[in-house]
Amino acid sequence: MNPSVLKRIASGDPAAVRDCIEQYGALVWSLARRLTRTPSDAEDATQEIFLDIWRSAGRFDASQGSDKVFIAMIARRRLIDRLRKTVAEPPADPLEALETVAWADPGTAAEVSLEAEQAARALAELKPEQRQVLELGLLHGLTQSEIAARLKLPLGTVKSFMRRGLIRIREYMNLEAEGVSARN
Amino acid sequence: MSETSAPEQPDEATMDLLVKRAIEGLSPAEQRALDVEDRAAVSAYLADFERAAAAAALAASAGAEAPPPALVARLERQGRELLAPNLLQLKAVPGATAAAPPAKSPGPAYGWFAAAACLLLAVFGWLRSPPPQAPAELAEAGRPPVTAIAPPAAPKAPTLQEARAALLARAGSLKLTWGATKDALAAGVAGDVVWDPETQQGFMRFVNLPTNDPHQHQYQLWIFDAARDKRYPVDGGVFDVPAGSTEVLVPIHAALPVSAARAFAVTVEKPGGVVVSAREHILVLAQAS
């Protein structure tokens, strides 16, 4: 973890730009590739995400999580916004093209960040169908309705699986100060 | 299991909305439903769910490939331009003249109501024809000094005014005049936009654009590129007008390359800006002939 890059960006140090791209470029690019429909979309999305990073670096607070979680949150927000604007358009790529994307085991995820390891441990505890619902939503960008149709599950079940799964991850990340329980 | 409750846990339906927002986003109707809930609880739980979703995404990112070199080059250029002296943070320069009192910013409800009244006209004006009102040209005499929205300049860095003048002097640069819509916030707003297609740099100049509270709303520029789908103009950056400013200069930071700028528009958006404007609160437009 090296939050000093974000601090340097926030202080307006142009020399930090290359370091920032080297440090987070692969992460942002991988998220963009998963949640966009074409390579061209992914490139546009990556540029928009980095614009958000340049603007938002000053808001990074290490007490709220690692720099990589901060970057992933910025990226996901932007990608979700983009997905919503294209939701009415037919998908350009079949889902099968993304089938190789999956969760890492906790040991591998630990190489990315502590939070990634915690999330991987939480995910490993979920029932396979619950894990699959989260995988389709988080990694492949499918909507709850699309997941319900694909897995032939009631929409309410999909919602419940997602809620419990996210709460479980949240618990592993010790983010439960506000009292959310996985029993909900 | 911890059951502390500060803030109070939302009900199950709200929790479902929070989870959905963190994973796939909400429709406008769903977002409105969430907006009426307890703001503190919603913010706290949403932030945690977004962190959890981000961590789960990280757990699948080991061994991720680097972006293509050409994209990396564009990212570096974009970042350096944005972080260059004078162009990062938008603040009033010391000693900025506080001339005419800034217009009162209406609350969000008023803003959206007012926007609804002019929405159709503005959008049609945006897409089909010149703006409905010709802007009043700035009368140079008697104007207070320009407020440059930028941090104090480095000792030898050009000021925004100097950078704008240099851009204007470049062959091929555009200078378009803002036209105000009938939006209440746009009353009396004038100025221009300068854009250089080659360097992809530009500046907006506004006179009488009301001061905004960045915690309530921010201004956002949109650039319509003839080479792109007109439904999705390029994000030209989010900016604020500090208190005490009657004339401001704002550098443009296009999120994406603009091949052929044909129009510029400024909207009022939520803090931080948006990816796609609902175009419900358009203030000014500038169109190339």
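The values are calculated or read from the model by the stated rules, or taken from the named source; none is laboratory data. Model, not experiment: these values are computed from the prediction. So basically every Cβ, Gly included, is an ideal-geometry build from the backbone, and we count neighbours across all protein chains shown.
Picking from residues in segment A:164-183 that are at the interface with chain B (Cβ under 7 Å from one of its Cβ atoms) and modelled with pLDDT of 90 or more, the one that is farthest from B:Phe49 (Cα to Cα) is A:Ile169. Are any residues in segment A:34-52 in contact with an Asp or Glu (Cβ under 8 Å, 6 or more places away or on another chain), part of a helix (DSSP H, G or I) and either within 18 Å of B:Ala54 (Cα to Cα) or more than 9 Å from chain B (Cβ to nearest Cβ) (or both), and if so, which ones? Correct list: A:Glu48 only. Of the residues making up segment A:53-68, those that are more than 8 Å from chain B (Cβ to nearest Cβ), surrounded by 18 or more Cβ atoms within 10 Å (Cβ to Cβ) and part of a loop (DSSP other than H, G, I, E, B) are A:Phe60, A:Ser66.
Scanning segment A:4-28 for residues that are touching a Lys or Arg at 6+ places or on another chain (Cβ under 8 Å), surrounded by fewer than 19 Cβ atoms within 10 Å (Cβ to Cβ) and touching a residue at least 40 places away in the same chain (Cβ under 8 Å) turns up nothing.
With respect to the conditions (1) without any contact (Cβ under 8 Å) to a residue 60 or more places away in the chain; (2) surrounded by fewer than 19 Cβ atoms within 10 Å (Cβ to Cβ), B:Pro257 falls short on a single one, namely (1). Just one of the listed residues (A:Thr36, A:Thr46) is β-branched (Val, Ile, Thr), under 15 Å from B:Arg77 (Cα atoms) and in contact (Cβ under 8 Å) with a residue 12 or more places away in the chain, namely A:Thr46. The set of residues in segment A:125-139 that are more than 9 Å from chain B (Cβ to nearest Cβ), buried (at least 18 other Cβ atoms within 10 Å of the Cβ) and farther than 22 Å from B:Pro10 by Cβ comprises A:Leu126, A:Arg131, A:Leu136.
Can you find a residue that is closer than 24 Å to B:Ile282 by Cα and modelled with pLDDT of 55 or more anywhere in segment B:152-163? No, segment B:152-163 has no match at all. Restricting attention to segment B:236-289, the residues being within 19 Å of B:His217 (Cβ to Cβ), assigned to a loop (DSSP other than H, G, I, E, B) and not polar (S, T, N, Q) number 17. Among the residues of segment B:197-208, are any β-branched (Val, Ile, Thr), more than 11 Å from B:Val284 (Cα to Cα) and buried (at least 18 other Cβ atoms within 10 Å of the Cβ)? Looking for residues that are β-branched (Val, Ile, Thr), more than 11 Å from B:Val284 (Cα to Cα) and buried (at least 18 other Cβ atoms within 10 Å of the Cβ), one finds at least one in segment B:197-208, hence yes.
Being surrounded by fewer than 18 Cβ atoms within 10 Å (Cβ to Cβ) and among the acidic types (Asp, Glu), is that true of even one residue in segment B:161-178? Within segment B:161-178 (the criterion being surrounded by fewer than 18 Cβ atoms within 10 Å (Cβ to Cβ) and among the acidic types (Asp, Glu)), the answer is yes, since at least one residue qualifies. If you check B:Glu24 against the conditions, is it charged (D, E, K, R), in contact with a helix residue (DSSP H, G or I) (Cβ under 8 Å, 6 or more places away or on another chain) and crowded, with 22+ Cβ neighbours inside 10 Å? Criteria met by B:Glu24.
Assess whether A:Ala104 counts as being at pLDDT below 85, buried (at least 21 other Cβ atoms within 10 Å of the Cβ) and of a type outside the set (Val, Ile, Thr). Yes, satisfied.
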